[in-house]
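The structure under discussion appears below in the form of C-alpha cells.
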Amino acid sequence: MKNEKMYLINCTCYLNISRVGLYRSRCRRIPTFHQRNQGGEQEDVELVRGIDSGIWNIFLGGSKMVEIYDLIIIGSGPAGLSATIYAQRAKLTTLVIEANYVSGGQMMNTYRVDNYPGFLGISGMDLGTTFRRHADQMGSKFVMEKVLDLELKKEIKTVRTKKHLYQTRTLILATGTDHRKLQVPGEDEFEGFGVSYCATCDGVFFKDKVVSVVGGGDVAVEDAIFLARCCKKVYLIHRRDSLCSARILQERLMALPNVEIIWDSMVRSIEGVEQVAALQLEHLKTGEKEKLSVDGCFIAVGILPNNVLIQGKLELDEGGYIKASEDGVTSVQGVFAAGNVRTKQLRQIVTAVSDGANCVTSVQNYLMTKNI
Ligand SMILES: Cc1cc2nc3c(=O)[nH]c(=O)nc-3n(C[C@H](O)[C@H](O)[C@H](O)COP(=O)(O)OP(=O)(O)OC[C@H]3O[C@@H](n4cnc5c(N)ncnc54)[C@H](O)[C@@H]3O)c2cc1C
C-alpha cells in the first residue's frame with residue numbers, strides 16, 4: 001500500500017501559530033504543540049505522527065503533514081479489536097478511534113460470557129481487556145475520541161473528531177449498538193437516579209434494595225440473575241407471557257428465590273422525588289393498573305444501531321442497521337461495516353469478531369483493486 005505523506009512547515013505557519021496561541025514544544029524532536037484554551041491554560045493537543053492535522057486545517061488553512069491511513073476503524077468493541085488485529089497482520093497503517101475510555105464495547109457490560117469459545121465463564125471485562133491487550137501487542141494504534149462526522153464521497157475519506165481531522169483510504173465502521181429507551185415519563189428524569197441501562201455497572205448501588213428489570217430477552221434475564229445476587233428482591237417485568245431468552249438463562253432465573261416475574265405488563269411511568277420510588281404498571285390483558293414500589297429500574301428492552309454518523313450517507317435497512325453482508329461491503333466504496341451495526345442474524349461477540357476479520361480481507365481486496 002502506498003504510504004505517502006505531505007510535509008509543509010514554513011515561516012507563515014509559525015507566524016499563524018503564535019497568533020492563535022499555539023506554542024512549539026522545545027523538548028521533543030518531532031514538532032509538537034500545546035494549545036492555550038480560552039482561559040489561557042495550556043492544553044496538550046494530541047498529535048498524529050508529529051503534526052495534528054485538525055489543528056493545521058483549522059488554524060493554518062490546509063498546508064500540513066497529514067498521514068493518510070490505509071484503514072481507520074471506528075469503535076473498539078469485539079468487531080473493531082478483531083479488525084485491528086487482522087489489519088496489523090496485513091501490515092496496513094491503521095488507526096482505531098474509540099469514544100469510550102476503555103476498549104471492549106458492550107462486552108464490558110457483561111458480567112459473564114459463556115459462549116465465546118475457549119473462555120468458559122469469563123467476565124466480559126476480562127475478555128474485553130484480553131482482546132485489547134492482544135491488539136496492543138500486535139502494535140495497534142488507538143486514540144480515545146468520539147467521531148463526530150464523516151466525509152465519505154471522495155476516494156480519501158475524512159473522519160472528524162472534536163480536535164482532529166483524520167484521513168484514510170478505507171474505513172471500517174464498528175460502532176455497535178446502544179440501548180433502546182422505554183420512552184415513558186420519568187425515564188430521562190431519573191437516569192442515574194435509579195434508572196439504569198447497565199446492571200453490571202450500577203447493580204452494586206442497589207445492595208439489599210428492591211429493583212425491577214424491564215425486558216424479556218437474554219440481556220434482561222442476565223441482568224435479573226446478576227441483580228438477584230445482591231438485591232433483596234428483583235421484579236422482572238415483561239410485556240408477554242413467556243421469555244424470549246436462552247433456555248439455560250431461563251432455568252437459572254427460575255431457580256432464584258428472590259426473583260418474581262410480572263407477566264403481560266408494561267411500565268407506563270417511573271415515579272419518585274429525587275430517586276426512583278415506584279413504577280406505574282399496566283397489565284396488557286386486563287388493563288389493570290398497579291403501582292409497584294422499587295428503588296431502581298433497570299431497562300433492557302433491546303438495542304438500536306449507532307448510526308448517527310452515517311444517516312443519509314450509507315444505505316441502511318428498515319431497522320437502521322448498515323446494509324452489508326458477511327464481507328462488510330457497504331453501499332459506499334471503501335467503507336465497510338463490522339459487528340452489531342450491520343444487518344445480521346445474530347449479534348454476539350463471536351459474530352462481531354468474525355466480521356472484523358472479514359472486513360479486513362475486504363479492505364485488502366479493495367486497496368489492491370483500486371491501487372490507492
Ligand atoms: C448486557 C449484555 C450482555 C451480553 N452478553 C453477551 C454474551 O454473553 N455473549 C455474547 O457473545 N455477546 C453478548 N452480548 C452482545 C455483545 O456484547 C455484542 O454483540 C458485541 O459487543 C458487539 O460488538 P461490536 O464491536 O459490534 O459493538 P460494541 O461492542 O457495541 O462496540 C462498539 C464500540 O464503538 C464505539 N463507538 C460508537 N460510536 C462511536 C463514535 N462515534 N466514535 C468512536 N467510537 C464509537 C463504542 O464506544 C463501542 O466501544 C451482550 C451484550 C450486552 C449489552
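What follows is calculated from the coordinates using simple rules that are stated; it is not laboratory data. What you see is a predicted model, and the numbers here were worked out from it, not measured in a lab. Every residue, glycine as well, gets a Cβ built from its backbone with ideal geometry; the counts of neighbours run over all protein chains shown.
Worth pointing out:
- Near E191, no amide H atom lies under 5 Å from its own; only residues 5 or more places off or on other chains count, and H is placed 1.01 Å from N.
- By average C-beta atoms within 10 angstrom, highest first, the peptides 78-90, 355-367: 78-90, 355-367
- Check: the stretch 195-301 dipole with +1 on Lys, Arg Cβ and -1 on Asp, Glu Cβ, in debye: 140
- Placing a pseudo-label 7 Å from each Cα along the Cα-to-Cβ vector at K181 and V350 gives an inter-label distance of 3.5 nm.
- Reach of K91 by Cα under 18 Å, taken over lysines that are not fewer than 8 positions away in the same chain: K2, K5, K141, K370
- Cα shape, the stretch 129-199, gyration tensor, a/c 1.5 rule: oblate
- A99 sits among other residues whose Cβ lies under 10 Å from its own Cβ, and their net charge, with Lys and Arg +1 and Asp and Glu -1, is -1.
- Taking the centroid of alpha carbons for each part, the stretch 261-323 and the stretch 104-129 are 25 Å apart.
- Taking amide H positions as modeled 1.01 Å from N, with prolines and chain starts lacking one, the residues under 5 Å from V294 and 5 or more places away or on another chain are A278, L279.
- Normalised per residue, the volume of the convex hull around the Cα set of the stretch 195-301 (Å³): 86
- Three-way shape label, the stretch 174-226, alpha-carbon gyration tensor, a/c 1.5: oblate
- Annotation: extensible slack from E251 through E290 equals 11.3 nm (criterion: 0.36 nm per residue apart, minus Cα-Cα distance).
- Nitroxide proxy distance, nm - points 7 Å out along Cα→Cβ at E260 and K141: 5.8
- You can think of it this way: the chain between Y101 and M368 has 92.7 nm of extra reach, that is 0.36 nm per residue less the Cα-Cα gap.
- The largest-to-smallest principal axis extents of the Cα set in the stretch 245-370 are 63, 35, 31 Å.
- Order of E151, E318, E98 under a 10 Å beta carbon neighbour criterion, fewest first: E318, E151, E98
- Highest-first arrangement of 178-185, 289-296, 346-353, where packing means the average Cβ count within 10 Å: 346-353, 289-296, 178-185
- Cross-link pairs K146/K181; K154/K323; K153/K323; K162/K344 - those with Cα-Cα distance over 25 Å: K162/K344
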